[in-house]
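Everything on this sheet refers to the single structure shown next.
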DNA sequence: CAAATTTCTTAAACTACCTTATTTTTTTTG
DNA sequence: CAAAAAAAATAAGGTAGTTTAAGAAATTTG
């Protein structure tokens with residue numbers, strides 16, 4: 001639980017005892033490489049905090065083509081928040097790209113924490129806000145950069161990610177074909 | 001203030017007296033067509049709720065090209081939230097596309113409301129969450145749809161907006177040139 | 001309401017990125 | 001560690017979207 005505690009305290013102040021109460025609501029789970037953690041049209045009963053490993057969140061478009069929306073690694077949260085919060089069926093798929101160990105929290109416990117621990121309300125509010133801002137920036141980048149520029153930014157912004165994730169998946173995240181990414185890489 | 005009250009009550013429950021307290025913190029302002037409400041590198045001291053009119057939020061990319069990020073109309077909030085919340089300099093420009101009347105709230109009053117009125121905390125939390133979800137969906141659409149599909153979706157999702165806003169601005173929002181949008185429109 | 005300005009349209013040449021197909025390299029699995 | 005499977009590279013031909021430029025239509029302004 002140390003990793004989660006540290007992450008929470010990097011964002012808000014909270015006493016040891018309340019932090020303990022908070023952490024007690026999480027369960028440790030491990031997913032094998034390639035295992036699906038969530039698939040569309042299922043209920044999203046949990047969200048997860050990664051202790052180790054890496055997952056991708058993706059959708060299928062109308063032509064059945066996969067598109068990676070985000071990658072998540074150590075000390076990041078992931079889950080279909082939209083469906084978790086609104087109690088709707090999942091619209092995302094989530095798959096482990098490596099063996100991945102997480103701390104999971106159920107919606108029941110999530111709601112309990114929101115009621116019982118005001119610091120958790122602050123914590124999640126700030127998390128969501130930051131997510132909103134990073135989404136905003138991604139929209140910006142998609143509007144104003146070419147594929148090549150987006151790739152260079154990706155390398156700069158996530159140098160460790162680009163080592164761990166296959167080009168196929170990076171291409172999908174950038175919105176281009178693996179073949180075109182391969183060509184960009186050769187150029188330089 | 002009726003419009004703002006209605007909007008707040010469509011999202012959370014709040015007593016008449018506290019709603020009154022809340023609304024008292026806003027000031028009415030009017031901006032002329034083409035007037036800039038915010039420009040990059042200024043301080044974002046306020047965010048706004050639109051009573052009437054329409055604004056666009058945009059950036060310049062590295063080549064000096066404008067890109068529209070969002071349009072906002074009646075009963076929507078707008079502002080550079082990122083800079084408002086984090087007290088950093090604005091990274092967005094905001095311009096009125098029509099004569100626009102708004103209710104504005106200063107950061108000082110915003111912070112006061114967060115402290116004094118718990119319902120306001122809930123209200124803004126839900127607003128931010130919804131913004132996050134709609135950003136998520138926009139990223140999705142940019143990844144999986146062609147320009148033509150994005151245009152059709154725009155027409156469907158915002159039928160009244162497409163009447164009020166010039167094609168030039170719509171093209172910029174969709175991430176294409178006005179010439180190409182014009183060509184798409186001719187096709188059907 | 002005429003002149004000036006901005007927006008929209010059209011069209012041809014061009015480029016970024018896609019498709020398809022084949023080969024090579026890397027990773028996974030029994 | 002060999003066989004099978006998946007990922008990456010290469011290349012040719014195709015298409016979605018851009019650029020440039022010029023004229024037509026609409027809007028703004030004096």
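Every number here is computed from the coordinates shown, using simple stated rules; none is lab data. Given the structure is predicted, the values throughout are model-derived calculations rather than measurements. All Cβ positions, even for glycine, are placed from backbone atoms using ideal geometry, and neighbour counts span all protein chains on display.
Taking chain A as a Gaussian network, where each spring joins two C-alpha atoms under 10 Å apart, which residue of A:174, A:143, A:21 fluctuates the most?
A:143
For the range B:19-55 and the range A:29-49, compute the distance between their C-alpha centroids and round to whole Å.
42
From largest to smallest, what semi-axes in whole angstrom does the range B:101-182 give when each is the square root of 5 times an eigenvalue of its alpha carbon gyration tensor?
In descending order the semi-axes read 34, 16, 10 Å.
How many angstrom separate the Cα center of the range B:96-146 from the Cα center of the range B:167-185?
26
One decimal, nm, shortest first: give the distances between the label point of residue B:63 and those of the same position in the other copies, each label point 7 Å from Cα along Cα→Cβ.
2.4
Working from Cα positions, state the angle (0 to 90°, nearest 10) between the long axis of helix B:147-157 and the longest principal axis of chain B.
Between helix and principal axis, roughly 40 degrees.
Using the alpha-carbon atoms, what tilt in degrees (0 to 90, nearest 10) does helix A:178-187 show relative to the longest principal axis of chain A?
70
Which distances, shortest first and in nm, link residue A:122 to the matching position in the other copies, using label points set 7 Å out along Cα to C-beta?
With the label placed 7 Å along Cα→Cβ, residue A:122 yields 2.0 nm.
How large is Rg over Rh for the protein assembly as shown, taking Rg from the Cα atoms and Rh as the Kirkwood inverse mean of 1/r across Cα pairs?
Rounded to two decimals, Rg over Rh is 0.97.
Using only the Cα atoms of the range A:19-58, build the gyration tensor, take square roots of its eigenvalues as a ≥ b ≥ c, and label the shape rounded, prolate or oblate: rounded if a/c is under 1.5, else prolate if a/b is larger than b/c, else oblate.
Oblate.
Neighbouring Cβ atoms within 10 Å as the yardstick, rank A:127, A:4 fewest first.
Going from sparsest to densest Cβ surroundings: A:127, A:4.
Given the options B:78, B:92, B:133, state which has the largest fluctuation in a GNM of chain B using a 10 Å cut-off (strictly under) for Cα springs.
B:133
Starting from the Cα gyration tensor of chain A, take the square roots of the eigenvalues, sort them a ≥ b ≥ c, and report rounded, prolate or oblate (rounded when a/c is under 1.5, otherwise prolate if a/b is larger than b/c, else oblate).
Since a/c reaches 1.5 and a/b is larger than b/c, the shape of chain A is classed as prolate.
What are the nm distances, shortest first, from residue B:13 to its equivalents in the other copies, labels at 7 Å along Cα→Cβ?
3.4
Please give the calculated 222 nm ellipticity per residue for chain A, where each DSSP H segment of at least 4 residues contributes -39500 (n - 2.57) and the sum is spread over every residue; nearest 500 deg cm²/dmol?
Calculated mean residue ellipticity at 222 nm is -15000 deg cm²/dmol.
Summarise the partner chain shielding of A:140-149 as one whole number: the mean count of Cβ atoms from other chains within 10 Å of each residue's Cβ.
So the per-residue partner count for this stretch is 4.
Identify which of A:80, A:16, A:122 has the largest mean-square fluctuation in a Gaussian network model of chain A, with springs joining Cα atoms closer than 10 Å.
In the Gaussian network model the winner is A:16.
How far, in degrees from 0 to 90, does helix B:107-116 lean away from the longest principal axis of the Cα atoms of chain B, to the nearest 10?
Relative to chain B, helix B:107-116 is tipped by roughly 50 degrees.
Pull out a ≥ b ≥ c, the square roots of the eigenvalues of the alpha-carbon gyration tensor of the range A:74-124, then state rounded if a/c is under 1.5, prolate if not and a/b is larger than b/c, and oblate in the remaining case.
oblate
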